[in-house]
Amino acid sequence: MNTDEREWQAQELAARAERAGNVLLDLDPLSAGYVPVVRALREPMAVGLPEDFAARVARLAVARASATAADSPMENRMLIALGLLLGLSALASAIIYGGNWFSAIPAAFGKLGPSSGSWVLLLAGCLGLSWMGEQVRQRTESRNLSPR
Amino acid sequence: MDADSHTLADDQALVDDVLAGRPGAFERLVTQYQKLCWHVIHRMVRQAEDTQDLCQETFLRVHQYLHQYRSESALKSWIAQVAYSVAKRHLERKRIPIAEPSEVDGSSLLEQAPDDFDIESASIESQSAAHLHAAIECLPPMQRTILTLYHLEELPIGEISVVTGLAEGTIKSHLFRSRKQLRDALSESMGVAA
């Protein structure tokens with residue numbers, strides 16, 4: 001058994017003795033040296049919460065849950081309606097103007113000149129990086145906010 | 001009833017009551033675990049006002065995510081985990097380091113004791129305890145919390161690993177070094193006193 005292992009055992013023995021309340025029984029000097037330490041660590045801490053803390057937090061939690069439950073169905077319905085509207089608009093526009101857009105794209109690239117391709121790539125790269133950054137931020141935040 | 005005497009079945013019954021919206025169930029849960037929550041958060045952040053706000057935030061989060069609780073671990077550990085995560089995020093936002101800056105600066109725990117800590121006014125009998133409490137306050141937040149979870153809350157190392165997200169070996173290493181630092185601080189203070 002090396003020195004650290006022996007000292008760990010002494011710390012644990014002191015902790016067990018203090019928990020059991022028989023600190024004076026048969027402790028070697030190394031373990032006995034840790035008794036005041038574990039005793040201080042086990043001393044109860046004053047809790048500075050108001051007497052009605054539990055009742056107040058419970059009321060707040062229930063109120064928040066009710067508000068969320070009331071908001072969610074309406075928000076969901078609105079999101080679905082807006083999504084459908086957007087999809088229908090996009091479909092109608094594509095049907096009406098789609099042919100013109102496809103024929104106009106090569107001409108537009110021709111007007112922008114030879115360097116335009118790299119600018120488009122740069123823009124796509126920026127958008128990609130920004131999207132990835134947001135994903136990382138959201139993942140980190142959700143990991144920190146919610147219990148593991 | 002004390003939180004320590006709860007079995008997993010008791011925990012699950014309480015959780016079921018809260019999730020079913022039974023009147024008074026969540027208040028009962030808060031009453032049972034508010035002391036644990038205070039211990040974890042106050043050891044991390046030390047400011048009483050911040051601790052109170054963060055305890056409230058913890059229980060609101062517990063209420064919001066309670067459906068995710070699985071009774072594989074004790075509810076006590078799960079709530080301690082939420083409290084630890086809330087306190088850790090608070091310290092990170094304030095850019096307060098949570099672990100071990102004291103190891104590199106070389107100064108002893110006794111030298112770091114706050115100036116307003118009046119050890120001299122304590123009686124002879126309580127001087128060593130006063131020194132120790134001053135030294136505990138000087139440990140980094142993570143070490144203070146691990147010591148509290150282990151000695152005051154009596155959580156096993158495996159559960160502390162779940163609470164903090166640290167490996168069991170790391171927990172043992174923190175426990176070992178912190179307790180050794182505290183014992184050295186005590187020996188040093190007794191030497192100074194003598």
Looking at B:Leu60, B:Leu91, which one is among the aliphatic types (A, V, I, L, M) and within 11 Å of chain A (Cβ to nearest Cβ)?
-> B:Leu60
Determine whether segment A:46-69 contains at least one residue that is within 30 Å of A:Glu7 (Cα to Cα) and either free of Cβ contacts under 8 Å to residues at least 60 places away in the same chain or of a type in the set (S, T, N, Q) (or both).
-> no
Members of segment B:164-194 that are without any contact (Cβ under 8 Å) to a residue 60 or more places away in the chain and of a type in the set (Ser, Thr, Tyr) = B:Thr170, B:Ser173, B:Ser178, B:Ser187
Would it be correct to say that A:Pro36 is surrounded by 13 or more Cβ atoms within 10 Å (Cβ to Cβ) and more than 28 Å from B:Phe26 (Cα to Cα)?
-> yes
Do we have any residue at all in segment A:104-115 that's surrounded by 11 or more Cβ atoms within 10 Å (Cβ to Cβ), out of contact with any His (no Cβ under 7 Å at 6 or more places or on another chain), modelled with pLDDT under 80 and among the aromatic types (Phe, Trp, Tyr)?
-> yes
Lone unmet requirement of (1) open to solvent by 50 Å² or more (accessible area, probe 1.4 Å); (2) farther than 19 Å from B:Met142 by Cα; (3) at pLDDT below 90 for B:Gln64 | (3)
Check segment B:108-124 and report whether any residue there is modelled with pLDDT under 70, not in a loop (DSSP other than H, G, I, E, B) and not assigned by TED's automatic domain parsing to the domain that holds B:Val45.
-> yes
Inspect segment B:10-26 for any residue being of a type in the set (Val, Ile, Thr), more than 10 Å from chain A (Cβ to nearest Cβ) and surrounded by 17 or more Cβ atoms within 10 Å (Cβ to Cβ) and give the result as yes or no.
-> yes
In segment B:46-60, which residue that is surrounded by fewer than 22 Cβ atoms within 10 Å (Cβ to Cβ) and out of contact with any Phe, Trp or Tyr (no Cβ under 9 Å at 6 or more places or on another chain) is nearest to B:Glu137 (Cα to Cα)?
-> B:Arg46
Taking interchain pairs and intrachain pairs at least six residues apart, which have beta carbon atoms under 8 angstrom, with the first residue in segment B:13-28 and acidic (Asp, Glu) and the second surrounded by fewer than 16 Cβ atoms within 10 Å (Cβ to Cβ)?
-> B:Glu27/A:Ala55
Segment B:154-163 - residue that is in contact (Cβ under 8 Å) with a residue 12 or more places away in the chain and more than 10 Å from every other protein chain (Cβ to nearest Cβ) and, of those, surrounded by the most Cβ atoms within 10 Å (Cβ to Cβ) = B:Ile160
Can you tell me which of A:Ala54, A:Ala10, A:Ala40, A:Ala15 is within 11 Å of another protein chain (Cβ to nearest Cβ) and under 30 Å from B:Arg61 (Cβ atoms)?
-> A:Ala54
Out of all the residues in segment A:35-52, is one or more under 30 Å from B:Leu19 (Cα atoms), acidic (Asp, Glu) and modelled with pLDDT of 90 or more?
-> yes
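The values are calculated or read from the model by the stated rules, or taken from the named source; none is laboratory data. Predicted model only: the values in this text are computed from it and were never measured. With ideal geometry, Cβ positions are generated from the backbone for all residues, glycine too; neighbour counts draw on all protein chains shown. Just so you know, the surface numbers come from the protein's heavy atoms only, side chains and all, with ligands and any DNA or RNA stripped out. Shrake-Rupley method; radii C 1.70, N 1.55, O 1.52, S 1.80 Å.
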